[in-house]
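*Asks:* Sending over a structure as C-alpha cells; questions will come in a sec.
Laboratory data are not the source of any read-out in this text; all were calculated from the coordinates shown. This structure is a prediction, so every number in the text was calculated from the model and none was measured. Cβ: placed from backbone, ideal geometry, glycine included. Neighbour counts: every protein chain shown.
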Amino acid sequence: MGRGYPQAAGRAETYGPDPDTFILFFENYFLGLFMKLVYIKWLDHCSFDANEWHKPEDFKTLEPITVQTVGWVINETPTSLTLVATNGGDTHTGEMCIIKSCIVKRKGLKL
C-alpha cells in the first residue's frame, strides 16, 4: 500500500491517486454500503481463571457458554464469520471472529 506509480527512467512524474490507496478506498466504501447487520447466537469457548489451581472434578462442570452478538459482517469464509461492532465506513472497531461450527442461530437485521 502506498507505493504509488512506478516511474520510468526519464519520464515526468505521474499524477493521480495511488492505485493501492484507491483500491482500498473503493473496497471499504462498498463494504460500508453492503455490509449486513446480523444477530448471532453462538457457543463460546471457556476456561477457568488461569491463575488458580483446580481439582479434576471441577472440570466436569465446564461447558461452552451460549452468547449473543450483533454486528456488521466484515468478512465471511467457509469456516468463520467476522463481525465488527462499529462501522465507520472506511474504518471499523470491535471485531469478533466466530467459528461457524459454533453458531447456533443467525438472523439478518434491518435498520
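*Asks:* Sort 54-62, 85-93 by packing, meaning the average of other beta carbons within 10 Å per residue, with the highest value first.
*Replies:* 85-93, 54-62
*Asks:* Estimate the FRET efficiency between N75 and E52 by the formula 1/(1 + (r/R0)^6), using the beta-carbon distance for r and 35 Å for R0, to the nearest 0.05.
*Replies:* Result of the calculation: an efficiency of 0.45.
*Asks:* While we're on this one: Out of residues 5 or more away from K36 or on other chains, whose amide H comes under 5 Å of its own, with H placed 1.01 Å from N in the peptide plane?
*Replies:* The answer is V73.
*Asks:* In Å³ and rounded to a whole number, note down the convex hull volume per residue for the Cα atoms of segment 35-108.
*Replies:* Spelled out: Cα convex hull of segment 35-108, divided by residues, is 106 Å³.
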